[in-house]
Ligand SMILES: NC(=O)c1ccc[n+]([C@@H]2O[C@H](COP(=O)([O-])OP(=O)(O)OC[C@H]3O[C@@H](n4cnc5c(N)ncnc54)[C@H](OP(=O)(O)O)[C@@H]3O)[C@@H](O)[C@H]2O)c1
């Protein structure tokens, strides 16, 4: 069974791979044999993360400056990955953000556009372009979109973000259908994880969530890795259009 999780000679792109959940996934992919591309806005942070992963695993690792909300960056990222590593087997659409705002009516058009661009518009474009390239490869490919429990239990405090994330579920369902056996398209739906995002939570938010989460705690970044390895590898060869929630049992519960 172990060999089905092997990623030797696969190439995986992880957006938002310089920190948090993305970095944990990129490290795990390389530890299982993949060459990795780390892409986020700060190119130097991506290069540092890539150097650390390369030194630790002996795999090829590339850092690329990339803005997830810009369509021109999507094509450029895929070209850079292809040029350096020769193919793209796995794409993780992981970069995302949810800025705070005062009220629904206080959301500016600029904030709306930015949140929808980074969490939906860019991931859509990147998935569409990557799927086309993957479909032409011998082994096809796997696209993993990182959403949020906010997609299925939205609150007014993060509504544009939640709307964008739920649209990733719609996108995965459609692409999984369309690309059938060639490209598998799935979603990881995280609950509350202790990354840099959690540092911006208002006071009391963590303890409030921990009272709601059946497991009574937030997740550590490493706890996303099992699902990511499963979906990236042949272990999930019959899985497409799935939403896997990693949330300590939180989503779909009242309260
Ligand atoms: N942590 C949670 O509790 C939680 C819960 C539900 C869902 N999620 C989702 O999980 C994913 C990862 O979250 P995280 O907690 O690991 O976040 P994080 O620790 O804040 O890291 C965010 C990553 O995304 C990159 N990034 C941010 N904006 C970007 C942009 N416009 N273009 C390209 N890269 C960008 C950041 O690097 P740069 O600053 O260099 O760009 C960084 O690598 C996100 O999609 C998030 O919505 C997280």
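Any read-out appearing in this document is the output of simple, stated calculations on the displayed coordinates, not a laboratory observation. Remember, predicted model here, so these are calculated numbers, not experimental data. Cβ: placed from backbone, ideal geometry, glycine included. Neighbour counts: every protein chain shown.
Of the listed peptides 36-42, 116-122, what is their order by residue-averaged count of other C-beta atoms within 10 Å, with the highest listed first?
Per-residue mean Cβ counts within 10 Å order the peptides as 36-42, 116-122.
For the pair residue 71 and residue 52 in one chain, pulling the backbone fully straight at 0.36 nm per residue adds 4.0 nm over the alpha carbon distance. Highest mean first, the peptides 225-235, 184-194 sorted by other C-beta atoms within 10 Å per residue fall in the order 184-194, 225-235. If R0 is 35 Å, the Cβ-Cβ spacing of residue 177 and residue 110 corresponds to a FRET efficiency of close to 0.50.
For the chain, the 222 nm mean residue ellipticity estimated from helices alone, with every DSSP H stretch of n ≥ 4 adding -39500 (n - 2.57) and the total spread over all residues, rounds to -12500 deg cm²/dmol.
Across all C-alpha atoms in the chain, the radius of gyration and Dmax reach 17.3, 52 Å.
Relative to the dominant Cα principal axis of the chain, helix 122-135 is inclined by about 30°. Which angle from 0 to 90°, rounded to the nearest 10, does the C-alpha axis of helix 20-31 make with the longest principal axis of the chain? Helix 20-31 and the main axis of the chain meet at about 20 degrees. The distance between label points at residue 235 and residue 206 comes to 2.9 nm (points 7 Å beyond Cα on the Cα→Cβ vector). Rounded to the nearest 10 degrees, what's the angle between the helix 71-85 long axis and the longest principal axis of the chain, both from Cα atoms, 0 to 90? Approximately 40 degrees, to the nearest ten. FRET efficiency for the pair residue 42 and residue 137, taken as 1/(1 + (r/R0)^6) with r the Cβ-Cβ distance and R0 = 51 Å, rounds to 0.95.
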